[in-house]
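What follows draws every value from the coordinates through simple rules; no lab data is involved. Just so it is clear, the structure is predicted and the values come from calculations on it, not from any experiment. Please note: Cβ atoms are built from the backbone with ideal geometry, for glycine as well, and neighbour counts cover all protein chains shown.
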Protein chains: 2
Amino acid sequence: MLRLSKKADYALLALRHLAVPGPRATASARELAESYDLPPELLAKVLQQLVRGGLLSSQQGIRGGYGLARPAAEITVVDVIEAIDGPMTVTACSESDHSCDQYTKCNIRDPLWKLKDRIVAALSATTVAELAIDLVPAPESIPVSLVRR
Amino acid sequence: MLRLSKKADYALLALRHLAVPGPRATASARELAESYDLPPELLAKVLQQLVRGGLLSSQQGIRGGYGLARPAAEITVVDVIEAIDGPMTVTACSESDHSCDQYTKCNIRDPLWKLKDRIVAALSATTVAELAIDLVPAPESIPVSLVRR
DNA sequence: CTGATGTCCGACCGAACCAGTCCAGTTTAC
DNA sequence: GTAAACTGGACTGGTTCGGTCGGACATCAG
Ligand code: SF4
Ligand code: SF4
């Protein structure tokens, strides 16, 4: 129901950790796993996927680890989600996949795709650099209270 | 990921069908199922959930069927999704559910919740009445670029 | 009033998907 | 050479989701 996967969740967690300025710009999978109490092997696989997606750079060897492949401000959350879970699609169908049985008779495709574009836009508007700002000091005049309609 | 369930998809399809102006304002589950070639029983269950959610009104008996409980313009897609799949949550945690193991150490909750609010806002901006407008005539002056933030 | 009909309703089940695990292999620093 | 770290694949258990079944209820013919 429009919920992002746990893996994507962990990915954002790790990216945020790497984005926050500190003495070291890199960290090993083990360090990250211990910092947040999550299964090391799973986190490792997530990080590998991020490397494959071009968001992280990896360094093998005994002093190895992971680091951001580009500035944190240039990594959006859509990038992360797509690197982990594949292309973002709100519906089961897409421009390149007409496999839905109701495709010909369906008349809500276009509006929903438009909606998808809007969601993607909202997700691309936030970068991991913004995630790294701690305690979000209300950069906007509108706090959390702008909920629903 | 971030994909809506097939049931929610069917729900929107059915609601759109009921929202389009025509001779009858109601339709039976069987009619709808045949119109769109989808499993009748499943569609029936979806409709039941919508009734429970207060979006549809049902009429039993030999001339029974389903009808909109309120004007189409007052039914947003979030209403539909929440009626089908429960409350919208982007993350596994929420204001009322701290069951995530990383809850105390997590530092991306607030930004993600804000993101959720923004998505919900985008989803509440569209009503089923807008879905009923066929063939979306104009690409509208403001395409996808109304990122809003 | 009564039976037949067609509808809604709730419980049930199998399949797909996802979080999590394991292990064998490769690369690099010391 | 050895230890620490990344890489890649295959495997499993649990949960959710799509789909199916029989029963309850309201309407209408007679
Ligand atoms: S029902 Fe329509 S919108 Fe949904 S997956 Fe099928 S074609 Fe796409
Ligand atoms: S990791 Fe953080 S954001 Fe994700 S579910 Fe847990 S507490 Fe929520």
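Take the residues in region A:1-40 that are of a type in the set (Ser, Thr, Tyr) and in contact with a helix residue (DSSP H, G or I) (Cβ under 9 Å, 6 or more places away or on another chain), then tell me which one is nearest to B:Thr91 (Cα to Cα). Across region A:1-40, the extreme among qualifying residues is A:Ser5.
In the set (1) crowded, with 18+ Cβ neighbours inside 10 Å; (2) touching a helix residue (DSSP H, G or I) at 6+ places or on another chain (Cβ under 7 Å); (3) over 30 Å from B:Pro111 (Cβ atoms), B:Val77 fails one condition alone, (3). Residue pairs whose Cβ atoms lie under 9 Å apart, separated by 6 or more positions or on different chains, with the first residue in region B:63-83 and in contact (Cβ under 8 Å) with a residue 12 or more places away in the chain and the second crowded, with 20+ Cβ neighbours inside 10 Å and basic (Lys, Arg), are B:Ala72/B:Arg16.
Of B:Gly67, B:Gly54, B:Gly61, all but one fail to be of a type in the set (Gly, Ala, Ser), within 7 Å of DNA strand C (Cβ to nearest atom) and either on the phi > 0 side of the Ramachandran plot or within 16 Å of the chain's Cα centre (by Cα) (or both); the exception is B:Gly61. One residue stands out in region A:104-126 among those that are in a loop (DSSP other than H, G, I, E, B) and within 19 Å of the chain's Cα centre (by Cα): the one that is surrounded by the fewest Cβ atoms within 10 Å (Cβ to Cβ), namely A:Ala125. For A:Ile62, the criteria (1) more than 8 Å from DNA strand D (Cβ to nearest atom); (2) of a type in the set (A, V, I, L, M); (3) surrounded by fewer than 21 Cβ atoms within 10 Å (Cβ to Cβ) hold in every case but one, which is (1). Tallying residues that are within 16 Å of ligand 1 (Cβ to nearest atom) and not charged (D, E, K, R) within region B:63-93 yields 4.
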